[in-house]
1. Which shape class applies to the stretch 181-351: rounded if a/c is under 1.5, otherwise prolate when a/b exceeds b/c and oblate if not, where a ≥ b ≥ c are the square roots of the Cα gyration tensor eigenvalues?
2. For a footprinting-style exposure proxy, rank CYS314, CYS254, CYS110 by other Cβ within 10 Å, fewest first.
3. Compute the relative contact order of the stretch 256-368 as a whole-number percentage, counting only Cα pairs closer than 8 Å that sit 6 or more residues apart in sequence.
4. Could you give the nm distance between label points at LYS342 and TYR361, where each point is 7 Å from its Cα heading toward the beta carbon?
5. Going down the table (LYS49/LYS304; LYS113/LYS134; LYS243/LYS324), which pairs top 26 Å between alpha carbons?
6. How long are the semi-axes of the ellipsoid equivalent to the chain, from square roots of 5 times the Cα gyration tensor eigenvalues, in whole Å, largest first?
7. So for the pair ASP351, ASN321, with labels modelled 7 Å out along Cα→Cβ, what separation do we get in nm?
8. Taking the Cα centre of the stretch 181-351 as the origin and placing charges on Cβ (Lys, Arg +1; Asp, Glu -1), which of GLN265, SER316, LEU212 is farthest toward the positive end of the dipole?
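We did not get these values from a lab; they are worked out from the coordinates using the rules stated. From a predicted model like this one, the values you see are computed outputs, not experimental measurements. Positions of Cβ are generated from backbone atoms using ideal geometry, with glycine treated the same way; all protein chains shown enter the neighbour counts.
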Amino acid sequence: MKVVISGFFGAGNTGDEAILESMIDNLREEIDPINITVFSLSPEETSRKHQVKSIYRGWRRDFLKKIQALREADLLLSGGGGLLQDTYSTKFLFGPLPYYLLIVFLAKLCGTKVMFFSQGIGPIETRWAKILMKIFANMADFITVRDEFSKDLLIKLGINKPKTVVTADIVFAFKIKQDDACYKSLPLTGKEKIIAVSVRPWFRHHQAFQVLADALDELIEKDQFTPVFVPMEGEHDRIQSEKVMGLMKNRDKCYILSTDFKPHQYLYFFRHAKIAIGMRLHFLIFAAKMGTPHIGISYDPKVKNFLERTGLWCYSFSMENLEKQRLLENFRAILMEKQNVKMKLTKSIQDLQQEAKRNIYLMKENFL
């Protein structure tokens, strides 16, 4: 079987790279033989890392190679991740949403079947984005989405021709590899109580960074915790982590992991964390996979949807409602109830892992 994968790959986002690695590993495990081509912003690196054929994803070069790959493919997998959204501006045919939909259109012109794979849909607010979705998303032959919110939004937008099934983010099927490179890179004694922390750039609610900084200061002073920032999107997150640390009195007692680590290395770091607090969806998924209690700071519906599925939304916050005292109360409560939380997480992750694998089974059922 020949498959082309289209997503936000090769840009240094750990979550998206984990998506790609999980897709490739699970496809190879379930389908033999399989020939995989990936559209990537860093095709040479993607090819080297995963032993796949890779083509530059942008329009400004390798257009004919993309057409050839799609003509030769049996299936285009669009996903996973939150590709179809207009948080970033959609202007005519420019922006993430038009790009991914035009790849779908190109595949259909080439006579190739299309599956939206483990996608998170939305937010989609602008009239033009809604029109594009209704025209091009209905060209897909089959759709799996990672939460009910995404399915409901597709129905609301009038995407009803392909069958849509709710599964889970494919990263729940990510294969854990023992690699302690992240932890060993830090000057720690082994006795620290680590809080893994994730922040990302965002357009609104900058006061949340001050709230988080104040809360971390208190947890350092009163509870002797050691915050370690995990930059899930390279330099973007490293800069934001430094901004939070710059607001802290005890910044010298914090650490930031290097931006050079691989997804499986960041994932394995969570086995050392007592708790995780963060914004990034795949940071929270990594914490959940390793059984680490976590508090989410939701900047997007996808984060809340995930936390509701793991049962930890009751400890978490939307960005605009983040308050220091409540954050500290929830932090201490989740640690007091750690055993119950871990039991709840174990059951949730087992279910979500099976749902993640179902993306592959449904692909086989519909296209093999």
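1. Since a/c stays below 1.5, the shape of the stretch 181-351 is classed as rounded.
2. CYS314, CYS110, CYS254
3. Relative contact order here is 20 percent.
4. Distance between the two pseudo-spin positions: 2.9 nm.
5. Checking Cα-Cα distances, LYS49/LYS304 exceed 26 Å.
6. Output for the chain: semi-axes of 36, 21, 20 Å.
7. With each label point 7 Å from Cα toward Cβ, the separation is 2.2 nm.
8. GLN265
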